[in-house]
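Asker: Here's a structure for you.
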Amino acid sequence: MDITLSRYVLIITCSAGLVALSLGQSSMMGQKRHSAESGDHTEFSSGKYHDYIIVGAGPSGLQLGYFLQRAGRDYLILEKGDSAGTFYKTYPRHRKLISINKRYTGKTNKEYNMRHDWNSLLSDDETLRMTQYSEEFFPSADIYVQYLNDFARKLRLKIQHGVNVQRIWKTGNKKEGFYIRDQHGNVFTCRYLVVATGIWVPNEPDFVGKEHVTGYENMTLNLNFYRGKTVLILGKGNSAFETADYIQPVTNFVHLFSRSRVKLAWETHYVGDLRAINNGLIDTYQLKALDGVLYTDINNMQVIKHGDRFSVRLVNDTEHRGLHDNFAARSPYDVIIRALGFHFDASIFHRSIIPKLGEGEKKKYPAIKPNYESMNVEGLFFAGTNTHSLDFRKSAGGFIHGFRYTTRALHHLLEWRNHKIPWPSTALRTTQVMNTLLKRMNEASGLYQMYSVLGDIIIVNDTGAVYLEEVPVQLLPQLETATGHLAPNKVIVMVMEFGKNFSGPGTDPLRRGTATTVPKNAHLAGFLHPVLYYYSHLPTDDDMLRRPSKWILPRPTRLHHVIEDFLFDFSSPVSHVLHLRRFLDTVFGYDTRNYFAGSCFKMAMTHTSVPKTCQDQYLRGEGLTHASHCEASAVTQSTTK
C-alpha cells in the first residue's frame, strides 16, 4: 500500500529517545532503498510515520517538541545519542558555559527574570529553570546535560534515542513528505521535517601539514601534557580563547593565529564574539606577558615537523620574502591546536534536496526564509542555531536565550500553516494599548533577547486593536498569510534596537558621551531601547527590499524612539510615558489620556463629546474616582460608624 502523508512535521533530534527502534527490518526495505532515494514513490514494508519529525534532541529540538506536545500534535524527536543534549557532553571542551545564569535580579516577575536566564527553556513547569540547577554565574556543561534530560523526562517528550540519521530524501512528488533512514536501515516518514541538529562539524582548512594539527574536538584536557610547552592555536573565537585560558597557566607561551581582527562582544554587542570570560590572553598579550595574537590567512600556512616540534611558514608572502629573520612565528611550537569553529552538516541529505547554505560568513548555516523554512526545499524547516543566518551578528538567534523564542515563533507559524490556528493574540481597546506597550517594553524577554528580529505587532481596526507578541518582523509584508490575522489598515510594530552606529569592532562603548538622556534626542540613543514603527498600511515585499541601509523595517509613516534608560525601566512619567502617549494620540487621531470618573462626568455635562477613555470606561460604568473623593468617602464612612 502507498504511504499517505498528511500535513505533519517529523522532528529528528540528537538526544536520548523514549521509544526503542526496531533493529530488524525486512529485506524488502534494503531492496527498495535505491529506488526510493532516486526519487521514486516507493512502498515501504515498515515505515514509521509522524506528522512532524524533529532531528536532534538538543535545546531547540526539545523546545519545539514541548510546543508540539502541548498542542496535541503527532511528532517524534530523533536523537543519535543515548540521552538529550549530546553536543553538551563534549562541548565546550573545558566544561564551562558562557551563557549567564543570573539567579537574582531584585524582581519576582518571571517574564522579566528570563531576560537574564540564558540557559532555561520555555515551559509551564517552574522547576525547569536552570537557576534551580546551579548557583554558578557560568554553569557547568555537565549540569546543563542533566537539565536537558530532566526537561525531556518531566515533560514526557517523545524522543527516540540511538537514531543516527544517514539519509533524508523526498518522495517522487516533491510536494509530499520526507523519508529518513537511520544507521540500521529503519525508515521514518513525515510530511514536515524540522532539523535541529545545530552546527557541529569542525571547520578544517586544507593546508600543508594539517595532519600535525590537533582539533579542538580531540584535544586532551590533561594540563600535564601542555606543561612547559609552547602552543599555537588556530582561531580567534571563543573556543580558541577558551582553550588558551585553560592551558595558559602551565605553558611557556600561547600564540593565536587569525585571518581577521578579534571582535570583542562588549564592543559589538553580539554574544557570539569573544566574551570577557575568555579573553585573558588579550590581557597577557597587551601587558607583555609573552602571549600574543597574530593575523594571517591560515590557508596560506604550512606546518613543517622537525623532530618533536613544528615550525610555521607562510606561502605567497611577497611582502616579507627574504626578510623572515624577524618573522613573528619563527619560534617552533610543541603543540598546534585547531579551534576554528563549526558548520552545518548537510551530508545527511540526498543530493536532490541538499539545502542551500548562506553566503559569506553565513555559509556555515542553512539559507532560510523568515518563516524558518529552507530556501530551496519546501516543507523543510530549521530550528535553533541552524536558523542563525537570519540574524547572524545582529541578534541572539544562534544561542539558547535567543532561539527558545524563535522556536516558539516557528511553532506558531506551523500552527497556522498546517492547522489553521491563528497566532495567539489579545483584543484590546485602543485606550489599553499604551499600558500594554509599557508593560511589554519593561518585562518581555523575547523582545529583549531577540532585539531587531522579533517584534510586537498591534493591528488597529474599527473596534480597537489586536495585539500579537514576538512575531518575526521580516514577515511583516506577509503578516496576514503567516499569522492568520487580517491587517487592512493601521499597524504598529514595537522592537528593541541598538543605535545604528553604536556597536562595532574597534568602537569604545565605555567612552563618555555614549548615553542619550534627553527625549528629543531619543533617535540618537545608542544603547538598547524600544522603537515603534507606525504604518498606515502594511508595507510590501518591495518596500522591505528597498528599506534604508541598517534599517530592519521599511520607512514607516511615523517613527518613535523611546529614550534609552540606564536601569532599562521605561516608566518615567515625562521622559517615557508622555512622549509615547503623544505618539499614540497622533496614530489613533484622538486623545488617549486617562481621566478620572469625575472629570468624565463634567465633560459629559459640558461638551458634546468626551475623550475616548471616558467612552471606554466611564460610560461603561468603569474608571477611577479621584483620590479626593475616595478620601471624603472614607471620612464619611468613619464618622457614621
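Asker: Across segment 410-425, what is the number of residues that are outside any helix (DSSP H, G or I) and either over 14 Å from Q478 (Cα atoms) or of a type in the set (A, V, I, L, M, F, W, C) (or both)?
Answerer: As a first pass, look at segment 410-425 and keep what is outside any helix (DSSP H, G or I): 420-425.
Still in the list and also either over 14 Å from Q478 (Cα atoms) or of a type in the set (A, V, I, L, M, F, W, C) (or both): 420-421, 423-425.
Here the count works out to 5.
Asker: In addition: Could you please find all residues in segment 553-601 being hydroxyl-bearing (S, T, Y) and either farther than 30 Å from D391 by Cα or touching a strand residue (DSSP E or B) at 6+ places or on another chain (Cβ under 6 Å) (or both)?
Answerer: Listed by number, the residues that qualify are T557, S572, S575, T586, Y590, T592, Y595, S599.
Asker: Sticking with this one: Tell me whether segment 316-336 contains one or more residues that are in contact with a Gly (Cβ under 8 Å, 6 or more places away or on another chain) and among the charged types (D, E, K, R).
Answerer: no
Asker: Checking G228 against (1) surrounded by fewer than 24 Cβ atoms within 10 Å (Cβ to Cβ); (2) touching a strand residue (DSSP E or B) at 6+ places or on another chain (Cβ under 9 Å); (3) of a type in the set (G, A, S), which test does it fail?
Answerer: It is condition (2) that G228 fails.
Asker: If you don't mind, another one. Name every residue in segment 500-547 that is among the charged types (D, E, K, R), closer than 30 Å to L486 by Cα and touching a helix residue (DSSP H, G or I) at 6+ places or on another chain (Cβ under 8 Å), in order of residue number.
Answerer: Answer for segment 500-547, where residues must be among the charged types (D, E, K, R), closer than 30 Å to L486 by Cα and touching a helix residue (DSSP H, G or I) at 6+ places or on another chain (Cβ under 8 Å): D541, D543.
Asker: If we scan segment 381-398, do we find a residue that is among the hydroxyl-bearing types (S, T, Y) and either over 21 Å from F344 (Cβ atoms) or more than 16 Å from the chain's Cα centre (by Cα) (or both)?
Answerer: No, that holds for no residue.
Asker: When segment 126-137 is examined, which residues are found to be in contact with a helix residue (DSSP H, G or I) (Cβ under 6 Å, 6 or more places away or on another chain) and of a type outside the set (A, V, I, L, M)?
Answerer: Hits for segment 126-137 are Y133, S134.
Asker: Any residue at all in segment 475-492 that is closer than 25 Å to K550 by Cβ, among the charged types (D, E, K, R) and not in a loop (DSSP other than H, G, I, E, B)?
Answerer: Looking for residues that are closer than 25 Å to K550 by Cβ, among the charged types (D, E, K, R) and not in a loop (DSSP other than H, G, I, E, B), one finds none in segment 475-492, hence no.
Asker: Given the conditions (1) closer than 19 Å to G198 by Cα; (2) not assigned by TED's automatic domain parsing to the domain that holds G384, report the number of the one that R167 does not fulfil.
Answerer: (2)
Asker: Working carefully through the options P488, P505, P530, find the one that is modelled with pLDDT under 95 and within 21 Å of L428 (Cα to Cα).
Answerer: After applying the criteria, what remains is P488.
Asker: I need the helices (runs of 4 or more DSSP H) fully contained in segment 518-617, keeping only those with at least 1 residues that are among the polar types (S, T, N, Q).
Answerer: Where helices (runs of 4 or more DSSP H) fall fully within segment 518-617 and carry at least 1 residues being among the polar types (S, T, N, Q), they are 579-588, 597-606, 612-616.
Asker: Return the residues of segment 226-251 that are in contact (Cβ under 8 Å) with a residue 60 or more places away in the chain and more than 33 Å from the chain's Cα centre (by Cα); say none if nothing qualifies.
Answerer: Y226, K229, T230, V231
Asker: Still on this structure, I have one more. So for segment 87-109 (the condition being touching a Leu at 6+ places or on another chain (Cβ under 7 Å), crowded, with 22+ Cβ neighbours inside 10 Å and part of a loop (DSSP other than H, G, I, E, B)), does at least one residue qualify?
Answerer: no
Asker: In segment 324-356, which residues are closer than 30 Å to K170 by Cα and of a type in the set (S, T, N, Q)?
Answerer: Selection gives S347, S352.
Asker: If we keep just the residues of segment 297-337 that are modelled with pLDDT of 90 or more and among the polar types (S, T, N, Q), which is farthest from D206 (Cα to Cα)?
Answerer: By that ranking, first place goes to S331.
Asker: Keeping to segment 328-378, report how many residues are outside any loop (DSSP other than H, G, I, E, B) and either of a type in the set (D, E) or buried (at least 18 other Cβ atoms within 10 Å of the Cβ) (or both).
Answerer: 14
Asker: Now a separate question. Restrict the check to segment 68-77 and report whether at least one residue is closer than 19 Å to H401 by Cβ, crowded, with 20+ Cβ neighbours inside 10 Å and of a type outside the set (D, E).
Answerer: Taking every residue of segment 68-77 in turn, none turns out to be closer than 19 Å to H401 by Cβ, crowded, with 20+ Cβ neighbours inside 10 Å and of a type outside the set (D, E).
Asker: Could you list, ordered by first residue, the pairs with Cβ atoms under 8 Å in which the first is in segment 601-623 and within 13 Å of R429 (Cα to Cα) and the second is of a type in the set (G, A, S) and surrounded by fewer than 16 Cβ atoms within 10 Å (Cβ to Cβ), at least 6 apart or interchain?
Answerer: C614/A604
Asker: For segment 382-398, state whether one or more residues are of a type in the set (F, W, Y), modelled with pLDDT of 95 or more, part of a loop (DSSP other than H, G, I, E, B) and within 16 Å of Q478 (Cβ to Cβ).
Answerer: The answer is no, given that none of the residues of segment 382-398 is of a type in the set (F, W, Y), modelled with pLDDT of 95 or more, part of a loop (DSSP other than H, G, I, E, B) and within 16 Å of Q478 (Cβ to Cβ).
The values are calculated or read from the model by the stated rules, or taken from the named source; none is laboratory data. These numbers come from a predicted model, not from an experiment. Virtual Cβ from ideal backbone geometry, glycine too; neighbours counted across all protein chains shown.
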